[in-house]
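Read the structure below first, then the notes.
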Amino acid sequence: MWTGTLECDLLLGDVASLKQKRSVVRPLVAEVRRRFDVAVAETGSSDLLRRAEVGVAVVAGDGAHCTEVLDAVERFVAQRPETDLLAAHRRLLGPED
C-alpha cells in the first residue's frame, strides 16, 4: 500500500472577508474531491484572508499511481484563475517506510 499527500499553499485573489474566502476555497475542495476521488480539505492558514492551505491524500496499490494522481491535482489547482499556487509539498510513503 502506498499513500501520497500534497499540501498546496494558495494565494487567493481579491478576497476581503471570510465569506469571500469560503466562496473560493469550498468549490475548489469540492471539485478536487469529485474529479480525482481523493481526500481533500482546507488544512491551514484559516486566520489569513488571502491565503489558504489545501491538503490532499491518496491511497493506492503502487507509488506510480499516487504520483500520477498528485501530479494531476497539482496541475488542476495551479490552473485555477482565482488562486495562485505559491508552493506544493508532497510526501510519498510506501510499504518499506
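Among the residues of segment 30-42, write down those that are without any contact (Cβ under 8 Å) to a residue 12 or more places away in the chain and surrounded by 16 or more Cβ atoms within 10 Å (Cβ to Cβ).
Hits for segment 30-42: nothing passes.
State which residue pairs qualify: first residue under 10 Å from CYS8 (Cα atoms) and inside segment 51-70, second residue part of a loop (DSSP other than H, G, I, E, B) and at pLDDT 95 or above in any location, beta carbons under 7 Å apart, and separation of 6 or more residues or different chains.
Pairs found: VAL56/VAL38.
Exactly one of these conditions fails for GLN79: (1) farther than 19 Å from ALA39 by Cβ; (2) in contact with a helix residue (DSSP H, G or I) (Cβ under 7 Å, 6 or more places away or on another chain); (3) not aromatic (Phe, Trp, Tyr). Give me its number.
Looking at each condition in turn, GLN79 falls short on (2).
Would you check which residues across segment 72-83 are at pLDDT 95 or above and either touching a Cys at 6+ places or on another chain (Cβ under 7 Å) or among the acidic types (Asp, Glu) (or both) and list them?
GLU74, VAL77
Testing GLY94 on (1) farther than 25 Å from VAL15 by Cα; (2) touching a Gly at 6+ places or on another chain (Cβ under 7 Å); (3) buried (at least 16 other Cβ atoms within 10 Å of the Cβ), one condition comes back false. Which one is that?
Of everything listed in (1) farther than 25 Å from VAL15 by Cα; (2) touching a Gly at 6+ places or on another chain (Cβ under 7 Å); (3) buried (at least 16 other Cβ atoms within 10 Å of the Cβ), GLY94 misses just condition (3).
So, in segment 1-29, of the ones that are hydroxyl-bearing (Ser, Thr, Tyr) and exposed (fewer than 15 other Cβ atoms within 10 Å of the Cβ), which residue ends up farthest from the chain's Cα centre (by Cα)?
SER17
Only one of ALA57, ALA52 is within 17 Å of LEU28 (Cβ to Cβ), surrounded by 15 or more Cβ atoms within 10 Å (Cβ to Cβ) and in contact with a helix residue (DSSP H, G or I) (Cβ under 7 Å, 6 or more places away or on another chain). Can you tell me which?
When all the criteria are applied, what remains is ALA52.
Does segment 31-69 hold any residues that are small (Gly, Ala, Ser), assigned to a strand (DSSP E or B) and closer than 15 Å to ALA87 by Cβ, and which are they?
GLY44, ALA52, GLY55
The values are calculated or read from the model by the stated rules, or taken from the named source; none is laboratory data. Here the structure is a predicted model, which means the values were calculated and not measured. Every residue, glycine as well, gets a Cβ built from its backbone with ideal geometry; the counts of neighbours run over all protein chains shown.
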